[in-house]
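*Asks:* Shown below is the structure under consideration.
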Amino acid sequence: MSDTTEASIANAEPVTRMETSAGSTLPADEVERITTDMIAALKTVYDPEIPVDIYELGLIYKVDLDDDRNVSIDMTLTAPGCPVAGEMPGWVENAVRGVEGIQDVRVNMVFDPPWNADMMSEEAQVALNWW
């Protein structure tokens, strides 16, 4: 990917926005819309063993959006042996591919840093009574 717009996990909080890198040709309002729509799409994907979406669980580590509107997502699982490890990247890809304007989606499974409950949003912690 050439010039990218990137969002990454900060202080174990879910990705909330993408910042345009120097030289990006994407208008700021378009990046904002895509970010909002992408978060909404990610919130439709659930870990089947935990009744909270993957976004609020903190499983999305990084999102890159290039000038051609191709998306690369780094995500993890709650545990490496998760029974849907082979399926979840496809669920994420399908959800994000439905965002208007997105041309292509690549999902990368990463395990560094390892996921832990501190990466969940406050909303997820409250939903699971983990606070």
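*Asks:* For region 85-94, take each phi angle, set θ = phi - 60°, evaluate the Karplus expression 6.51 cos²θ - 1.76 cosθ + 1.60, and give the result in whole Hz per residue in order, putting x for glycine and proline.
*Replies:* Result, rounded to whole Hz: 4, x, 9, 4, x, x, 4, 5, 4, 4.
*Asks:* Follow-up. Return the long-range amide H neighbours of residue 106 (sequence gap of 5 or more, or a different chain), with a cut-off of under 5 Å between placed amide H atoms.
*Replies:* Close amide H contacts, sequence-distant or interchain: 71, 72, 73.
*Asks:* What FRET efficiency comes out for residue 32 versus residue 104 if R0 is 25 angstrom and r is the Cβ-Cβ distance? Round to the nearest 0.05.
*Replies:* That pair, residue 32 with residue 104, gives E of 0.75.
*Asks:* Suppose the chain between residue 69 and residue 40 were pulled fully straight at 0.36 nm per residue; how much longer would it get relative to their current alpha carbon spacing?
*Replies:* Once the chain is fully extended between residue 69 and residue 40, it gains 8.7 nm.
*Asks:* Quick one: Karplus J couplings for region 67-84, per residue in order, coefficients 6.51, -1.76, 1.60, θ = phi - 60°, nearest Hz, x for Gly and Pro?
*Replies:* Running phi through 6.51 cos²θ - 1.76 cosθ + 1.60 with θ = phi - 60° gives 5, 8, 6, 8, 10, 10, 10, 9, 9, 9, 10, 5, 8, x, x, 3, x, 10 Hz.
*Asks:* Put a dot 7 Å past each Cα toward the Cβ at residue 118 and residue 87; how far apart are the dots in nm?
*Replies:* 3.2 nm
*Asks:* Okay, next question. ³J(HN,Hα) across region 33-42 via Karplus (A = 6.51, B = -1.76, C = 1.60, θ = phi - 60°), whole Hz, x for Gly/Pro?
*Replies:* For region 33-42, the Karplus curve yields 5, 4, 4, 4, 5, 5, 4, 4, 5, 4 Hz.
*Asks:* Would you work out if region 25-66 is rounded, prolate or oblate? Take a ≥ b ≥ c from the square roots of the eigenvalues of the alpha-carbon gyration tensor; rounded if a/c is under 1.5, else prolate when a/b is larger than b/c, oblate otherwise.
*Replies:* prolate
*Asks:* Same structure, new question: Report the Cα centroid-to-centroid distance between region 24-89 and region 100-114 in angstrom, as an integer.
*Replies:* Going from one Cα centre to the other spans 7 Å.
Only the coordinates and a few stated rules stand behind these numbers; no lab work does. Predicted, not measured: the structure shown is a model, and the values here were computed from it. FYI the Cβ positions are ideal-geometry reconstructions off the backbone, even for glycines, and counts take in every protein chain you see.
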